[in-house]
Structure formats: structure tokens, C-alpha cells
Amino acid sequence: QVQVVESGGGSVQAGGSLRLSCVVSGINNNYAMGWFRQAPGKGREFVAAISYSASSTYYADFVKGRFTVSGDNAKNSGYLHLNSLKSEDAAVYFCAARRTVCSGYGCSDATTYDYWGQGTQVTVSS
């Protein structure tokens, strides 16, 4: 019954930007929104998260200030702003929500999230 809907993926040239959107419905105890990505032939990796319980954000090291995560807990919605995109950023990006609290590094474990979106494709051309 819980639904996670993502949008905003697309194709951009290297150095370009995209804004990914995520809306979660069916729950009222979404304590954090996480973003993960998976490239072809590779495992799923953590990108960024916003913790509503801790009022904090957390980013993977490879972001290097290029991405920004935001969210509105009251609306169960959020955004991942992708800037200065590189070819290695090409992947399927997933949004996820959880029933348990987390903060910092504790928000980066994909196995601790309960609900996942369908994924949205991001391609980067040079």
C-alpha cells in the first residue's frame, strides 16, 4: 500500500544538471529519505540522505559538493539536485523511505530502508 514515486531522470551532457523528485504515500512515519544509485553491472551504492528525525543530511564522499538533497517531511516529498554531472554518475537512481530513525552514516545502509521507488534513469553524454 505504501507507494514511492520518482521522476526527473533523463539524459544530459557532462557538466549538466538534473533534479530528481520523490513522493512517498501511504505512511505517516517516514523518518528519512535516502537516495541510492546502481550502474549496469555494479552494485547499489549510497548517494545521499535526509534525516527528518535528526534534521540533518548526509552524503557519500564521491558527491564532493555536487549534489544536494532536500525534503519536506510534512509532504513526504523530496528532491535530489544533481549538478556538474560526470559520465560516472550515469545510473538508475532510487528513492527510499524507512520506518526507523537514522542519522549520518546510519542512513547510508540500503538494507535498513523499507520502501523503494521504481528507479529513474540518469544518462550522461560527453
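The values are calculated or read from the model by the stated rules, or taken from the named source; none is laboratory data. Just so it is clear, the model here is predicted, and its values are computed rather than measured. As a convention, Cβ positions derive from the backbone with ideal geometry for all residues, glycine included, and neighbour counts pool all protein chains shown. Side chains are part of the model used for accessible areas, which takes the heavy atoms of the whole protein and leaves out ligands, DNA and RNA. Shrake-Rupley method; radii C 1.70, N 1.55, O 1.52, S 1.80 Å.
If the segment from Ser87 to Asp114 were pulled out straight at 0.36 nm per residue, it would be longer than the present Cα-Cα gap by 6.7 nm. Of the accessible area of region 36-126, computed with a 1.4 Å probe over protein heavy atoms only, carbon and sulfur atoms account for 49 percent.
What you get for the chain, charging only the Cβ of Lys and Arg (+1) and of Asp and Glu (-1), is a dipole of about 80 debye around the Cα centre. Projected over every direction and averaged, the convex hull enclosing the alpha-carbon atoms of the chain yields 6.9 nm².
Think of region 16-68 as having a plus end and a minus end, set by charges on the Cβ of Lys, Arg, Asp and Glu; of Ala60, Val24, Gln38, Gln38 sits farthest toward the positive end of this dipole.
At a probe radius of 1.4 angstrom, the accessible area of the chain per residue rounds to 50 square angstrom.
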